[in-house]
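I have placed the structure first, in the form of structure tokens, so that the comments after it can refer back to it.
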Amino acid sequence: MVKKTSFQTRREFLRRCLAASIGSAGWLGFGSSLQLASAALKDTSALPGYKALVCLYMDGGNDSYNMLVPTGSAYSTYQASRSNLAIASSQLHNLNGTAHGLHPAMPRLASRYNQGQVAFVNNVGTLVVPTTRAQVENESVPLPKQLFSHADQQKQWELVAADSSDSRGWLGRAADLLATYNNSLLPMNISMDDIRTLQIGDSDPYALNPYNLTDFEHRSWGEGDAARHQAFLDLQHLAQTHPMMQAFTQVHDDTLAIYEELSTDLAAVPAIPNESAYPTGQYLATQLKMVARVIKSQAAKNTVNRQIFMVRMGGYDFHDRLLNAQQERLNIVDQCVDAFFNTLNSSQWGGLGGNVTLFSLSEFARTLSSNGDGTDHAWGGVQFVVGDAVQGGMVGTYPDLTLDSSLDLGGGRLVPTLAVEQYAATLVRWLGLGDVELATIFPNLGNFNSNNLGFLP
């Protein structure tokens, strides 16, 4: 790894400080070379069309084996393992052609599955190499560090490898490799919430306030703000010899240019056509509506071919109140995701549902066994992928939910049979990356038998 110069270190410090100075929406990085400041025209024809990934981070560890439930002969095993937390089979939504039902709170996602627009990726989690229960118990293979820990497993889901010392995330690295095809000041990676490791590459993501694009405070103090801002610029652009001041000036100018460009773009976007379909007062709804607006504003531009968005919903650490709390959480997800794709597919948005893929991410599943009113931290779980481009169905093998099965480390903590790298590689491949680039992003990808799970073309 190349050691940063003192100038680069000062620039890093300044860009963080500058981001804080503009409130909830800020530009959090230009990379070590501030590429956006002098971006030349780039070739957007090599990756024609517009595509966007949207990561829905379900923070806390979703109990995914109560989200996707086995039916038929396997239901009795599920019921025995889950005891007082089992959902009645009569309440599950039918998923055509499968021996599974979807949580009662997710009728819209079930309908989209039955239209071929949803894939469920089964028993996926952090791994270094393919791993069995016996190998874990014998300590004969390398394992992700600090299994069952929120902070550690979140980070390992987001890093390029579970055992990596590289601090960059896999969506950040994907954006680095795709940046050649975007000719826009606006970074490819955009977060509607806190900046997470997942989106950090050689250039950091843009943090966008989902409620409203926020201007610099010194430009919005009221009477005389235009003159005040011009005086600020005049002082800032005096001949600077100190590298920190040069870096500050450059970052400020680029941040302002991004703000003004995005403000203009969003002002031209029509009102959300199905606003009433989004649940009122829900943060996830606010985030996805802003994502839809940015997508609409950028998809028609010849300067942007690929974008990546992050939205977040907390509240999935179900140590108690599992049945009621998950009902509430999943119902919000169901309404928001369905409304989001209906917005994209509206005539006002030009039918963009096939250009956007939304996928879930949660740091681990929960124990199959009940702790009385909830469940505790586990390992492998189920994730979902939604979009018109998705090749819907069941991906991987849904695990045997028998307690003390060949995958169970105790209490229903299941060893994953698919790795995060396999899930992630399939997603970023859809953006246009090939095998060589995937191997560059994911150093452990070659440890697993497939780098393409097939749920996207």
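Results, tabulated for the structure shown:
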| read-out | value |
| --- | --- |
| Per-residue Cβ neighbour rank within 10 angstrom, fewest leading, S369, S362, S406, S111 | S406, S111, S369, S362 |
| Three-way shape call for region 235-325 based on the alpha-carbon gyration tensor, with the a/c threshold at 1.5 | oblate |
| Dipole in debye (nearest 20) - the chain, about Cα centre, beta carbon charges: Lys, Arg +1; Asp, Glu -1 | 460 |
| Sorted by Cβ neighbour density within 10 Å, fewest at the top, the residues H150, H93, H242 | H242, H150, H93 |
| Listed residue (Y75, N342, S362) projecting farthest to the positive dipole end of the chain, Cβ model | N342 |
| Under-21-angstrom lysine pairs by C-alpha in the chain, whenever the two are 8 or more apart or on separate chains | 7 |
| Spatial separation of Cα centroids for region 366-439 and region 143-189, in angstrom | 18 |
| Most positive-pole-ward Cα, S149, G169, Y181, against dipole of region 120-181 from beta carbon charges | Y181 |
| Cα-based shape type of region 59-103, given that a ≥ b ≥ c are square roots of the gyration tensor eigenvalues and the cut on a/c is 1.5 | oblate |
| Whether the chain is rounded, prolate or oblate, judged on the alpha carbon gyration tensor where a/c under 1.5 counts as rounded | prolate |
| Structure-based [θ]222 nm, the chain - -39500 (n - 2.57) summed over DSSP H runs of at least 4, per residue, nearest 500 | -10500 deg cm²/dmol |
| Mean separation of Cα contacts under 8 Å (6+ apart) over length of the chain, as relative contact order % | 29 |
| Relative contact order (%) - region 113-158, alpha-carbon pairs under 8 angstrom, separation at least six | 32 |
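Computed from the coordinates by the stated procedures, all read-outs in this text should not be read as laboratory data. The structure displayed is predicted, hence computed values, not measured ones. All Cβ positions, even for glycine, are placed from backbone atoms using ideal geometry, and neighbour counts span all protein chains on display.
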